[in-house]
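One structure below.
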Amino acid sequence: MTTTTVLAPQAPSEDKRWRQVDVRMRRLGYRPDGLIEVMHTVQELFGYLDDDALSYVGRSLRVPLSKVFGVATFYSHFTLKPQGLHTCVVCTGTACYISGAAGLLAAVEGALEVEPGGTTADGQVSLLKARCLGACSMAPAVVIDGEVHGKVSANDLVERLGAL
Amino acid sequence: MSGAPASPARPRRQPEPLVPEGPVRASANVCQAAGCLSMGSDRVFNELRDAVLAAGLDDVAVRRVGCLGLCAAGPLVAVPQQGRLFEHVSPDGGINASGLVDSLAGGGAGGVDVAKSRFFADQVKVVLQNCGTVDPERLEDYVEAGGYEALTKAVTAMSPDEVIAEVVRSGLRGRGGAGYPTGLKWRTVAKAGAPHGKYVVCNADEGDPGAFMDRSVLESCPQQVLEGMAIAAYAVGASQGYVYVRAEYPLAVKRLSSAIRQAEREGFLGRQIGGTRFEFEVEVRIGAGAFVCGEETALIASIQGGRGTPKPRPPYPAASGLWGAPTLINNVETFANIPAVINRGGDWLSSIGTERSKGTKVFALTGAVVNTGLIEVPMGLTLRQIVFDIGGGLAPGRRFKAVQTGGPSGGCLPEDLLDMPVDYENLAAAGSIVGSGGMIVMDDTACMVDVAKFFMDFCREESCGKCLPCRAGTDQMYRLLDRISSGRATQAHLGQLEQLAGMVRATSLCGLGQGAPNPVFSTLRYFRDEYLAHIDDGKCPAGVCRITPGFSQRGAADEMVAAETGGMP
């Protein structure tokens, strides 16, 4: 008679951050419905979700890889590509749109030669669009490295990004 | 591709608020909601704290509070004992520039007299009663203001049926947009059989662009929402709750999580609430940037860790929701109304508002008005009162064109309708919706075709793709709107757009698709002349759209015939 041992999935690397991911999964009881919560944790720690990460999380929570990938690509918050050193999020909600968000985007695209969703060639700045930051009373709003700036002008924004 | 900001990094521990030992003569309440924070109100707090300490004012409190409402004039500091509001308080050294410290010391009255301000005059605060008066991170502030009295009263002195009867009597309707009677929903969940328990879910996935009511409530007084949820859980017989918040609101998530921990510690959540056998726990679930997750069945799918795609209803979540169990889903603002309903009675709430829309509504007033910010008004105030009295009208030289309500499922209302009282029925009859409460004022620099196109672009990108009418219909409508806005359309394209809009509205699976044509319908209803100017004259009256030169109406008509006949002439 042979016995089969189910091996716990191996973390993709020795990186200590995986221990934090493991802690998160353990707290959620390795329940499959904790998938999105765990993805948030991985993205917070590593900045993005790569194939190894998705596969590790899927095997640990016993969620098929097809479903893991489906969830990761359904939600716009998750990114499968590494981000730049800095991020610039331009809000494109209604109030910001009315107040000239399109002009801000165009200015950054032109000045840094980067498209929304992309990262500059030198890996310095990622340009992102947000649906609405809820900072409508200060439209147009942008978020640079987590800090909200309201009522920004195109020149002002390009200058700020240049100074990063 | 969109993305949300990472949580603001705050490694250093923030200084504690100044609370005098003895009686408080004056209290400086420094707004710490997202709007004022982005203008440096955390530095204002620190400097003001230092200045008050340096001046030796030992009977003056300096506190952090939630949203004070008038975001346009931030950073804001309120001194309630003196009825003053200090606007644009500079964090850059000039903390006393508007006489704030002198005023606190008892000399001179700087700032604005709140009692005389048009912005505050017509407002009635029920949901926002604690916004701007309590510290969102201090449970003791909320308790001091009467917080958790309603929960204690409900669990110790009322039966679940009595709680539901009170909510029914209040006439409260869902504040997330649909306006379904809250009491009826509670009764349905309460009656549902539940071998595996029931759930209470708070929908804080405020995805409408141009709306920040829920964000402000969660950032200003998360305890009030938790209290409302706990009362709901007692009424329907649930012991587990979830708050589903957008990832774009890191500050709301932080304050809510801290509020849950504090409430558990003080016995307002957890086991044996109010010394009874009632128990209720709350967990936070963070969304991941999908507008459709505001739809209740999609939200459930997302809490369960899957793609947020909606399901046909019935069964409604009240019968079969989270993990198939009866689930009560209400919006942040709905829950925030509940403590007042229990404390002051359903009859009290139903004395406010119109015949069929009771109570108040919180609106995020933004766009081309002078006083942008967060307001709470009784149902039935007219648009004119909101935009011109509270909002202070438009900037000098600008002309009012439209006010957009209800986000991507709402509509644009013209000047003729300014005297219409705002309630669920009137807005629906006018082709818009109350929605979650975003109210964006547009002036003569906005092109209505472009606005319709903006919302359609939003809907086509946010469509989850499950049903065809929404997935393909929104994209085709966008293309038609793009044609019209660039002056490459004929009357026939306009006809196509209207036909398609009707089809998408009638056949889509969920509210996203069913509501997506609304901006098109409402702009066509009130601003048809702008569409015609693009089509017939090749002009954008507002000068927003880029018109493609050299377009031939005749050639396009031939092209359309060719397309419809499969290329045969």
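Name the residue, out of A:114, A:90, that is within 25 Å of residue B:73 (Cα to Cα) and surrounded by 15 or more Cβ atoms within 10 Å (Cβ to Cβ).
Residue meeting the stated conditions: A:90.
Pick out, from the range A:86-164, the strands (runs of 3 or more DSSP E) lying fully within it that include 3 or more residues that are touching a residue at least 24 places away in the same chain (Cβ under 8 Å).
A:86-91, A:125-130, A:142-144
Only residues that are within 16 Å of the chain's Cα centre (by Cα), of a type outside the set (A, V, I, L, M, F, W, C) and either more than 10 Å from every other protein chain (Cβ to nearest Cβ) or in a helix (DSSP H, G or I) (or both): list them for the range A:47-69, please.
Across the range A:47-69, the qualifying residues are A:48, A:50, A:51.
Sort out which residues of the range A:102-116 are among the hydrophobic types (A, V, I, L, M, F, W, C) and more than 10 Å from chain B (Cβ to nearest Cβ), and write them in order of number.
Within the range A:102-116, A:104, A:105, A:106, A:107, A:108, A:111, A:112, A:114 qualify.
What number of residues in the range A:12-30 are farther than 16 Å from residue B:286 by Cβ and not in a helix (DSSP H, G or I)?
Of the residues in the range A:12-30, 7 are farther than 16 Å from residue B:286 by Cβ and not in a helix (DSSP H, G or I).
When you scan the range B:176-194, do you find a residue that is within 14 Å of another protein chain (Cβ to nearest Cβ), within 27 Å of residue B:366 (Cβ to Cβ) and assigned to a loop (DSSP other than H, G, I, E, B), even just one?
Scanning the range B:176-194, I find no residue that is within 14 Å of another protein chain (Cβ to nearest Cβ), within 27 Å of residue B:366 (Cβ to Cβ) and assigned to a loop (DSSP other than H, G, I, E, B), so the answer is no.
Can you tell me which residue is surrounded by the fewest Cβ atoms within 10 Å (Cβ to Cβ) among those in the range B:282-315 that are without any contact (Cβ under 8 Å) to a residue 12 or more places away in the chain and away from every other protein chain (no Cβ under 13 Å)?
B:314
Please tell me if residue B:326 is touching a Lys or Arg at 6+ places or on another chain (Cβ under 6 Å) and either surrounded by 24 or more Cβ atoms within 10 Å (Cβ to Cβ) or over 26 Å from residue B:449 (Cβ atoms) (or both).
yes
Testing residue B:92 on (1) part of a helix (DSSP H, G or I); (2) surrounded by fewer than 17 Cβ atoms within 10 Å (Cβ to Cβ), one condition comes back false. Which one is that?
For residue B:92, the exception is condition (1).
Within the bounds of the range B:46-63, is there any residue that is within 27 Å of the chain's Cα centre (by Cα) and within 27 Å of residue B:392 (Cβ to Cβ)?
Looking for residues that are within 27 Å of the chain's Cα centre (by Cα) and within 27 Å of residue B:392 (Cβ to Cβ), one finds none in the range B:46-63, hence no.
Whether any residue in the range A:127-142 is within 30 Å of residue A:32 (Cβ to Cβ), facing chain B (nearest Cβ under 10 Å) and of a type in the set (A, V, I, L, M, F, W, C) is what I want to check.
yes
If I ask for residues that are assigned to a loop (DSSP other than H, G, I, E, B) and within 21 Å of residue A:95 (Cα to Cα), which ones from the range B:56-87 would you list?
B:67, B:68, B:69, B:70, B:74, B:75
Report, by residue number, each residue of the range B:339-377 that is within 14 Å of another protein chain (Cβ to nearest Cβ) and surrounded by 23 or more Cβ atoms within 10 Å (Cβ to Cβ).
Residues satisfying the conditions are B:362, B:363, B:364, B:365, B:366, B:367, B:368, B:369, B:372, B:373, B:374, B:375.
Having 3 or more residues that are crowded, with 19+ Cβ neighbours inside 10 Å is the bar; report the helices (runs of 4 or more DSSP H) wholly within the range B:484-569 that clear it.
B:491-507, B:511-515, B:518-526, B:528-536
Quick one: which residue in B:21, B:87 is surrounded by fewer than 19 Cβ atoms within 10 Å (Cβ to Cβ), within 14 Å of chain A (Cβ to nearest Cβ) and over 23 Å from the mean Cα position of the chain (by Cα)?
Exactly one of B:21, B:87 is surrounded by fewer than 19 Cβ atoms within 10 Å (Cβ to Cβ), within 14 Å of chain A (Cβ to nearest Cβ) and over 23 Å from the mean Cα position of the chain (by Cα), namely B:87.
Can you tell me how many residues in the range B:34-71 are more than 22 Å from residue B:215 (Cβ to Cβ) and either in contact with a His (Cβ under 6 Å, 6 or more places away or on another chain) or aliphatic (A, V, I, L, M) (or both)?
Here the count works out to 10.
Look through A:133, A:80 and report the one residue that is under 16 Å from the mean Cα position of the chain (by Cα), closer than 27 Å to residue B:373 by Cβ and aliphatic (A, V, I, L, M).
Result: A:133 is the single residue among A:133, A:80 that is under 16 Å from the mean Cα position of the chain (by Cα), closer than 27 Å to residue B:373 by Cβ and aliphatic (A, V, I, L, M).
I'm checking my understanding of the structure. Among residues of the range B:419-448 that are away from chain A (no Cβ under 14 Å) and under 18 Å from residue B:524 (Cα atoms), which one is surrounded by the most Cβ atoms within 10 Å (Cβ to Cβ)?
B:427
Please count how many residues of the range B:261-281 are of a type in the set (Phe, Trp, Tyr) and either part of a loop (DSSP other than H, G, I, E, B) or within 14 Å of another protein chain (Cβ to nearest Cβ) (or both).
Looking only at that region, the number is 2.
Of A:73, A:79, which residue is loosely packed, with under 15 Cβ neighbours inside 10 Å, within 14 Å of chain B (Cβ to nearest Cβ) and closer than 24 Å to residue B:293 by Cα?
Only one candidate qualifies: A:73.
Quickly run through the range B:206-227 and pick out the residues that are among the charged types (D, E, K, R), part of a helix (DSSP H, G or I) and in contact with an Asp or Glu (Cβ under 7 Å, 6 or more places away or on another chain).
B:214, B:215 - these are the residues of the range B:206-227 that are among the charged types (D, E, K, R), part of a helix (DSSP H, G or I) and in contact with an Asp or Glu (Cβ under 7 Å, 6 or more places away or on another chain).
Checking the structure you have, find out if any residue of the range B:393-410 is touching a Lys or Arg at 6+ places or on another chain (Cβ under 8 Å) and not basic (Lys, Arg).
no
Bear in mind that the values in this text are calculations on the coordinates, not laboratory data. Keep in mind the model is a prediction, meaning the values are calculated, not measured. Note: ideal-geometry Cβ built from the backbone for every residue, glycine included; neighbour counts use all protein chains shown.
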